[in-house]
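Derivation of every value follows stated rules applied to the coordinates shown; laboratory data play no part. Please read all numbers here as calculations on a predicted model, not as lab measurements. Note that each Cβ is placed from the backbone with ideal geometry, even for glycine, and that neighbours are counted across all protein chains shown.
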Amino acid sequence: MCYVPAVQRTQAERREATRAALIDAAADLLVERGWAQATSVAVCARAGLTRGAFVHHFDGLPDLFAAVLAARYADIVERVEADGEATSIEEMVARTWEINREPSFKVVLEAWLACANDPELGRTLGPVVAAFATLVGVDRWPELLADDEARTFYLTARESLLGLAWGRAINRGPLAHESLVLDQLLTTARAHDARLGH
C-alpha cells in the first residue's frame with residue numbers, strides 16, 4: 001500500500017472555504033426559510049461552523065447578506081457571459097425567465113424586500129443592488145432595443161417575469177398560468193424582432 005500525504009491547504013484557502021460555506025449556508029436558508037429566519041445561529045448551524053467563524057468573516061448579517069447577494073449576482077453575470085450576447089428580444093425574454101425561474105433567484109427577491117424594510121440593510125446592500133441594475137437595464141442592449149416601443153416592451157416583459165418569480169417564491173413552485181404569460185411575452189417579442197429586423 002502506497003502512502004499518499006494529505007494535501008495541506010493554505011490559511012488563505014481555509015479562510016476562503018469557511019467564508020464560502022457561510023455564504024452558501026445563508027443562501028440556502030434564504031431560499032428555504034426567507035430573510036427573517038436566516039439568523040446567524042441558523043447559518044452557522046447549516047454551515048457546521050462556530051459563531052466565532054461567522055464573526056471572523058462578517059461584521060454582521062447585513063455584511064453576510066451583501067456577500068450572498070453579490071455571489072448570486074456573480075453567478076448570474078457568469079451565466080449571461082457564458083451564453084454570449086442575445087441576438088433577439090425573444091432571446092432576451094427567454095434568458096431572463098431562465099434566470100428568474102430558478103429557486104436560487106429567491107435570494108435576490110428576499111434581498112430586495114429586506115432592503116426596502118430595513119434601512120441599515122438597505123445601506124449595506126444598496127451598492128450591490130445598484131451594480132445588478134446595470135446588468136438588466138435597457139441600456140445594455142441598444143441595438144436590440146432600438147426604439148421606445150421595444151424598450152417599453154422589454155421593461156414590461158422584465159417586470160412581468162419578476163412578478164412570476166415573486167409568485168413562484170410565494171407559491172414555493174411554478175404557477176398554473178406561467179406558460180400563458182410566457183407564451184404571450186415571447187409572441188410579442190417575436191413581433192418586435194420582426195418589426196426591427198432581428
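For the chain, what is the mean residue ellipticity at 222 nm derived from helices alone (per DSSP H run of n ≥ 4: -39500 (n - 2.57); sum divided by total residues; nearest 500 deg cm²/dmol)?
Details: 9 runs with 146 residues, N = 198.
Helix contribution divided over all residues of the chain: -24500 deg cm²/dmol.
How much net charge surrounds Arg101 when only other residues with a Cβ under 9 Å from its Cβ are counted (Lys, Arg +1; Asp, Glu -1)?
On the way: positive: Arg168; negative: Glu98, Glu102, Glu178.
Every neighbour counted, the sum reads -2.
Quick one: compute the contact order of the chain, relative version, from alpha carbon pairs under 8 angstrom and 6+ residues apart, as a percent. Intermediate values should be presented prior to the final figure.
Values: 147 pairs, mean separation 44.2, N = 198.
With pairs under 8 Å counted, the relative contact order is 22 percent.
Once both labels are modelled 7 Å past Cα along the beta-carbon direction, what's the Thr87-Thr156 spacing in nm?
2.7 nm
Summing +1 for each Lys or Arg and -1 for each Asp or Glu, what net charge is found among the other residues whose Cβ lies under 14 Å from the Cβ of Pro142? Write out the running numbers ahead of the final one.
Working: positive: Arg140, Arg151; negative: Glu85, Asp139, Glu143, Asp147, Asp148.
Value of the local net charge: -3.
Three principal axis extents, largest first, for the C-alpha atoms of the range 11-196, in Å?
Answer, in whole Å and largest first: 59, 35, 29 Å.
Show log10 I(q)/I(0) for the range 2-96 at q = 0.20, 0.25, 0.26 Å⁻¹, two decimals, from a solvent-free Debye sum over equal Cα scatterers.
Those come out to -0.93, -1.22, -1.28, one per q.
What full-extension length gain, to one decimal in nm, is calculated for Gln37 and Asn171 as 0.36 nm per residue of separation minus the Cα-Cα distance? List each step's numbers first, then the result.
Numbers: separation 134, 0.36 × 134 = 48.24 nm, distance 1.78 nm.
Gain in length upon complete extension: 46.5 nm.
Extension gain Ala116-Val55, at 0.36 nm per residue separation less the Cα-Cα distance, in nm?
Details: separation 61, 0.36 × 61 = 21.96 nm, distance 2.52 nm.
The Ala116-Val55 span can extend by a further 19.4 nm.
Figure the gain on full extension for Arg15 and Ala191 (residue separation times 0.36 nm, minus the Cα-Cα span) and round it to one decimal in nm. Could you put the intermediate results ahead of the total?
Details: separation 176, 0.36 × 176 = 63.36 nm, distance 5.16 nm.
Taking 0.36 nm per residue and subtracting the Cα distance, the gain is 58.2 nm.
May I ask which residue of Leu161, Trp35, Val128 lies farthest towards the positive end of the charge dipole of the range 11-196, with charges of +1 (Lys, Arg) and -1 (Asp, Glu) on Cβ and the Cα centre as origin?
Value: Trp35.
Please list 3J(HN,Hα) in residue order for the range 167-178, calculated via the Karplus relation 6.51 cos²θ - 1.76 cosθ + 1.60 where θ = phi - 60°; whole Hz, with x for glycine and proline.
So the Karplus estimates, Gly and Pro as x, are x, 4, 5, 6, 7, 6, x, x, 9, 4, 9, 4 Hz.
Per residue of the range 32-41, what does 6.51 cos²θ - 1.76 cosθ + 1.60 with θ = phi - 60° give for ³J(HN,Hα)? Whole Hz please, x for Gly and Pro, Karplus curve as stated.
My calculation for the range 32-41 gives 6, 10, x, 4, 4, 9, 8, 7, 4, 5 Hz in order.
What FRET efficiency comes out for the pair Asp75/Arg123, r = Cβ-Cβ distance, R0 = 25 Å, nearest 0.05?
On the way: r = 24 Å, r/R0 = 0.95.
It comes out at approximately 0.55.
Would you mind counting up the charge near Pro174? Only other residues with Cβ under 15 Å from its Cβ, with Lys and Arg at +1 and Asp and Glu at -1.
On the way: positive: Arg101, Lys106, Arg168, Arg172; negative: Glu98, Glu102, Glu178, Asp183.
Combined, the nearby Lys, Arg, Asp and Glu give 0.
How many nm is it between the label spots at Arg101 and Asp183, if each spot is 7 Å from the Cα in line with the beta carbon?
That separation, rounded to one decimal, is 1.4 nm.
Given axes a ≥ b ≥ c from the Cα gyration tensor, I'd like to know whether the range 98-198 is rounded (a/c under 1.5), prolate (a/b larger than b/c) or oblate. Each step should come with its number before you reach the end.
Working: a/c = 3.07, a/b = 1.39, b/c = 2.22.
It comes out oblate by the Cα gyration axes.
Report the residue, chosen from Asp28, Asp147, Asp63, that carries the largest GNM mean-square fluctuation when the chain is represented by alpha-carbon nodes joined by springs under 10 Å.
Comparing Asp28, Asp147, Asp63 in the GNM, the peak value goes to Asp147.
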